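*Asks:* Below is one structure. I have some questions about it.
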């Protein structure tokens with residue numbers, strides 16, 4: 001069972017991801033609604049995995065990712081974004097994100113859920 005934090009300004013995404021991850025047997029230890037809360041949650045819990053949105057108030061996900069990786073170079077962070085721009089994914093990977101998922105997250109699609117499950121397993125095994 002992995003210790004996971006979720007960082008997203010969408011309460012719906014937080015709720016759906018939490019439900020999915022808990023059903024998979026993981027422990028969602030904190031939910032954060034912006035990058036500053038996410039950074040604080042990461043420092044507090046030092047999770048096995050963090051899912052983080054890019055576009056958020058107060059501190060965006062890329063800034064938060066940089067701070068987390070500066071303090072914890074081996075942190076496992078999966079970035080989420082509704083932005084379809086390929087360079088955002090490339091930027092995140094270049095900074096050290098382990099994976100990048102495009103929104104919307106399709107929790108109703110069994111094929112997508114298998115993909116999400118696979119991403120979680122791969123990142124945790126890395």
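*Asks:* If the chain between residue 66 and residue 122 were fully stretched, how many nm would it gain, using 0.36 nm times the residue separation less the Cα-Cα distance? Provide the component values of the computation, followed by the final result.
*Replies:* Working: separation 56, 0.36 × 56 = 20.16 nm, distance 2.16 nm.
Between residue 66 and residue 122, full extension yields 18.0 nm more.
*Asks:* While we're here: Only Cα pairs under 8 Å and at least 6 apart count here; give the relative contact order of the range 3-125 as a rounded whole percent. Walk me through the numbers before you get to the answer.
*Replies:* Numbers: 192 pairs, mean separation 26.0, N = 123.
With pairs under 8 Å counted, the relative contact order is 21 percent.
*Asks:* I've got another one for you. For the range 55-126, what class follows from the C-alpha gyration tensor (a ≥ b ≥ c being the square roots of its eigenvalues): rounded when a/c is under 1.5, otherwise prolate if a/b is larger than b/c, else oblate?
*Replies:* Details: a/c = 2.12, a/b = 1.33, b/c = 1.59.
The shape class here is oblate.
*Asks:* Right, here's the next one. Let me know the shape class of the range 13-52, please: from the alpha-carbon gyration tensor, a ≥ b ≥ c as square roots of the eigenvalues, rounded when a/c is under 1.5, otherwise prolate if a/b is greater than b/c, or oblate. Please report the intermediate quantities before stating the final value.
*Replies:* Details: a/c = 2.77, a/b = 1.50, b/c = 1.85.
Cα axes put the range 13-52 in the oblate bin.
*Asks:* Quick one: if you stick a label point 7 Å off each Cα along the C-beta vector at residue 74 and residue 46, how many nm between them?
*Replies:* Reported label-point gap for residue 74 and residue 46 is 1.0 nm.
*Asks:* Mind checking which of 36, 98, 44 has the largest fluctuation in a GNM of the chain, springs on alpha carbons under 10 Å?
*Replies:* Top of the fluctuation ranking is 44.
*Asks:* Between 100, 20, 108, find the one with the highest GNM mean-square fluctuation for the chain; connect C-alpha pairs within less than 10 Å.
*Replies:* Among 100, 20, 108, the largest mean-square fluctuation in the Gaussian network model of the chain belongs to 108.
*Asks:* State, to one decimal in nm, how far the label point of residue 22 lies from the label point of residue 112, with both points 7 Å from Cα in the Cβ direction.
*Replies:* Distance between label points: 2.1 nm.
*Asks:* Which of 114, 40, 48 ends up with the largest GNM mean-square fluctuation for the chain, with Cα atoms connected below 10 Å?
*Replies:* Top of the fluctuation ranking is 114.
*Asks:* Further question on the same structure: Most exposed first by the Cβ proxy, i.e. fewest other Cβ within 10 Å, how do 113, 52, 1 rank? All intermediate terms of the calculation are to be shown ahead of the outcome.
*Replies:* Working: 113 16, 52 27, 1 9.
Result, fewest neighbours first: 1, 113, 52.
*Asks:* Per DSSP helix of 4 or more residues, -39500 (n - 2.57); summed, then divided by the residues of the chain. What does that give at 222 nm, rounded to the nearest 500? Don't jump to the answer; show the numbers that get you there.
*Replies:* Working: 5 runs with 61 residues, N = 126.
Value at 222 nm, helices only: -15000 deg cm²/dmol.
We did not get these values from a lab; they are worked out from the coordinates using the rules stated. The structure displayed is predicted, hence computed values, not measured ones. Glycine also receives a Cβ, built like all others from the backbone with ideal geometry; neighbour counts cover every protein chain displayed.
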